[in-house]
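Note sheet for the following structure.
What follows is calculated from the coordinates using simple rules that are stated; it is not laboratory data. All of these numbers come straight from a predicted model, not from anything done at the bench. For neighbour counting, all protein chains shown are included, and Cβ atoms are generated from backbone atoms with ideal geometry for every residue, glycine included.
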Amino acid sequence: MRGHIRKRGAGYQIIVDVGRDPITGKRKQKAVGGFKTKKEAEKALAEMIANVEKGEYFEAEEITLKEYLDKWIKAYCETNFAPKTLKSYKEMIEWYILPKLGHIEIQKIKPLHIQEFYKICMDEYNLSGTSTRYIHTILHTAFKHAVKWQLLLNNPTDAVEPPRRNKNQFSVLTSDEVEILLNALKGSSLYYPTLIAISTGMRRGEILGLRWSDIDLKNGYIYIENQLQRINKNFELVPTKTAKSKRKIAIPQLLIKELKELKKLQLENKLALGSAYNDLNFVCCKGNGEPYDPDYISRHFMRVMERISKRYNIPDVRFHDLRHTHATLLLKEGTHPKIVSERLGHSQIGITLDTYSHVLPEMQKEAADKIDILLLKKV
């Protein structure tokens with residue numbers, strides 16, 4: 001088995017005999033470039049010759065990224081990833097990666113293609129740096145297996161600079177803006193999930209997984225142990241993210257009052273629908289008792305919020321930002337960060353302090369003003 005190295009521009013290319021065409025009998029050669037130094041090329045040449053001689057070389061010239069990712073999902077992801085992670089990978093691949101890169105043969109994908117794609121993610125798809133880095137993780141992992149399975153010699157994402165994660169990238173509402181939002185949503189399917197999110201700081205899945213048996217309306221507490229997830233085509237209640245996520249939180253009187261009204265409304269629906277009502281005991285559910293799809297709530301909230309934002313000139317927040325709004329309002333009112341951390345279900349108070357570090361300088365100024373008032377009284 002023979003091969004050689006050829007200088008190409010500023011780099012090097014290797015050419016290897018990979019056998020003969022089974023139809024024509026002619027010798028087939030494989031050329032791979034992109035090596036910066038001769039030493040890198042020599043190493044790759046030796047590895048490729050060894051793979052060909054062992055019968056482990058796979059001709060992948062004509063397989064597109066879409067075809068490869070389909071194989072990768074089935075061969076690796078479906079047996080190694082948790083259902084939620086698998087669903088997330090599939091969605092990111094389908095929504096963002098395939099429309100721009102899916103048609104390109106994997107052997108022809110260069111670092112520049114991927115670098116330009118990340119810019120598209122942020123400029124055209126309007127994704128955050130954090131979301132774009134998540135896509136980078138998916139591509140890096142997929143190409144890592146392509147190298148391991150000897151479809152590629154190098155991982156093109158190794159030479160790509162993913163964008164930085166966006167720290168504290170979220171918008172929050174003021175108390176006045178919260179009032180505007182709740183009044184605008186009153187009577188809609190989003191009202192109760194939104195009210196619970198703002199009042200408690202609970203996560204989307206925790207809110208939609210909340211059952212009446214988890215709420216003590218008499219004493220004003222919610223017990224959070226599960227979250228609702230859509231896995232494949234089924235809804236499942238799964239344990240919360242961490243041990244700290246299992247928590248008991250006090251709820252305000254406004255929420256208690258509204259939940260009592262909701263309970264009455266659900267009882268009326270149950271009596272009206274009879275056997276057609278699915279009594280699954282969910283707090284936030286459709287008129288027939290069925291649970292809401294968590295993704296539907298986020299998408300529907302985004303569409304409705306866009307209209308409300310334009311009409312009332314308030315920030316166009318995401319549903320998850322309601323959790324941040326809850327925490328920010330409490331911190332600005334002087335609530336101890338430890339209490340806020342417990343309400344949010346953070347595993348460590350450091351997460352809370354880091355996430356809401358932008359609020360702390362304002363609190364420092366308010367603290368100084370309070371000291372001023374106290375000292376002036378003594379002077």
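Here the spin labels are modelled as points 7 Å beyond Cα on the Cα-Cβ line, and at K87 and A75 they lie 2.7 nm apart.
Charge dipole of the chain (Cα centre as origin; +1 on each Lys and Arg Cβ, -1 on each Asp and Glu Cβ, all else neutral): 660 debye, rounded to the nearest 20. Full extension of the chain segment joining I373 with L112 gains 88.0 nm, where the gain is 0.36 nm per residue of separation less the Cα-Cα distance. Per-residue 3J(HN,Hα) values for segment 171-181, derived from phi via the Karplus relation 6.51 cos²θ - 1.76 cosθ + 1.60 with θ = phi - 60°, read 10, 10, 9, 7, 4, 5, 5, 4, 4, 4, 4 Hz in sequence order (x marks Gly and Pro).
Residues within the reach of a label modelled at D279 (point 7 angstrom out along Cα to beta-carbon, backbone nitrogen below 14 Å), restricted to segment 251-270, are 266-270. Note on the chain: Cα-only Rg and Dmax are 27.9, 102 Å. Of K338, K90, the sequence from fewest to most neighbouring Cβ atoms within 10 angstrom is K338, K90.
Dipole magnitude for segment 175-365: about 140 debye, using +1 per Lys or Arg Cβ and -1 per Asp or Glu Cβ, origin at the Cα centre. Mind checking which of V160, N226, V317 is farthest towards the positive end of the chain's charge dipole, using Cβ charges of +1 (Lys, Arg) and -1 (Asp, Glu) about the Cα centre? Of V160, N226, V317, it is V160. As a proxy for reagent exposure, ranking R343, R164 by other Cβ atoms within 10 Å from fewest up yields R164, R343.
Each Cα pair under 8 Å and six or more residues apart adds its separation to the average, and for the chain the resulting relative contact order is 12 percent. A straight chain from I339 to E94 at 0.36 nm per residue would run longer than the Cα-Cα distance by 84.2 nm. Between amide H atoms placed 1.01 Å from N, distances below 5 Å from R211 occur with V283, all of them 5 or more places distant or on a separate chain. Among the chymotrypsin sites (Phe, Trp or Tyr not before Pro) found in segment 206-294, not one is both in a DSSP coil and sparsely packed, with 15 or fewer other Cβ atoms within 10 Å of its Cβ. Using only Cα atoms and rounding to the nearest 10 degrees, what angle (0 to 90) does helix 129-148 make with the longest principal axis of the chain? Roughly 30 degrees between the two axes. Angle of helix 111-123 to the longest C-alpha principal axis of the chain, folded into 0 to 90 degrees and rounded to 10: 20°.
Per residue, the chain reaches -15000 deg cm²/dmol at 222 nm when only DSSP H runs of four or more residues are counted, each adding -39500 (n - 2.57). Modelled spin labels at D216 and S171, positioned 7 Å past Cα toward Cβ, are 3.8 nm from each other. Compared with the dominant principal axis of the Cα atoms in the chain, helix 83-92 is inclined by about 70°. Summary: within the chain, the longest segment free of GluC sites (Glu not before Pro) located in DSSP loops with at most 15 other C-beta atoms within 10 Å is 125-332.
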